[in-house]
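Below is one structure; the comments refer to it alone.
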Amino acid sequence: DPDRLQQVFTNLLTNAYRYGGKRIRIESAMMPNEVVVSVADDGPGVPKDLIPHIFQPFTRGRDSRGVGSGLGLAIVKRLVEAFGGRITCEPARPSGARFEVRLRRTA
């Protein structure tokens, strides 16, 4: 479903723009059995204590500026899993947040 896949990456890019720094980096790699796409920013990053909960509904950071409901990443996770993939969040280097989506290759 290309529309749902677009929704995944639109959400990740919107979050990187909204909460990240001035730079957003998108990387992709094609592996033998999967495609890996990451979206990273150079902002303040996701607080360590929030990372284990970042994909749970209504989870919002302290610096959310009143924007959003905290549902976007929960929906993204469910969509990625519906595609048979997985998503992770980790600190970017040297600063920021990095979200990585891994999807099975079908062709």
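The values are calculated or read from the model by the stated rules, or taken from the named source; none is laboratory data. Here the structure is a predicted model, which means the values were calculated and not measured. Don't worry about glycine lacking a Cβ; one is built from the backbone with ideal geometry, like all the others, and counts go over all protein chains shown. Quick note on the areas: whole protein, heavy atoms, side chains included, nothing else; ligands and nucleic acids left out. Shrake-Rupley method; radii C 1.70, N 1.55, O 1.52, S 1.80 Å.
For the pair THR10 and GLU34, label points projected 7 Å from Cα toward Cβ lie 2.6 nm apart. Rounded, prolate or oblate: which fits the stretch 1-81, taking a ≥ b ≥ c as square roots of the Cα gyration tensor eigenvalues, rounded meaning a/c under 1.5, else prolate when a/b beats b/c? Prolate.
Sequence-distant contacts, meaning Cα pairs under 8 Å at least 6 residues apart, place the relative contact order of the stretch 15-107 at 34 percent. In a fully extended conformation the segment linking ALA74 and GLU27 would gain 14.7 nm over its present Cα-Cα distance, using 0.36 nm per residue.
The H on the amide N of ARG25, modeled in the peptide plane, is under 5 Å from the matching H of ALA40, ASP41, each at least 5 residues off or on a different chain. What's the angle, to the nearest 10 degrees (0 to 90), between helix 72-82's Cα axis and the longest principal axis of the chain? Tilt relative to the chain: about 20 degrees. As a fraction of the 1.4 Å probe accessible area of the chain, surface on carbon and sulfur atoms comes out at 54 percent.
Can you tell me the orientation of helix 2-19 relative to the chain, as the angle in degrees between its alpha-carbon axis and the longest Cα principal axis, to the nearest 10? Once rounded, the angle reads 30 degrees.
Considering the options PRO57, GLY84, GLY45, tell which one lies farthest towards the positive end of the dipole of the chain, charges being +1 on Lys and Arg and -1 on Asp and Glu at the Cβ, about the Cα centre. Result: GLY45, furthest along the dipole toward the positive end.
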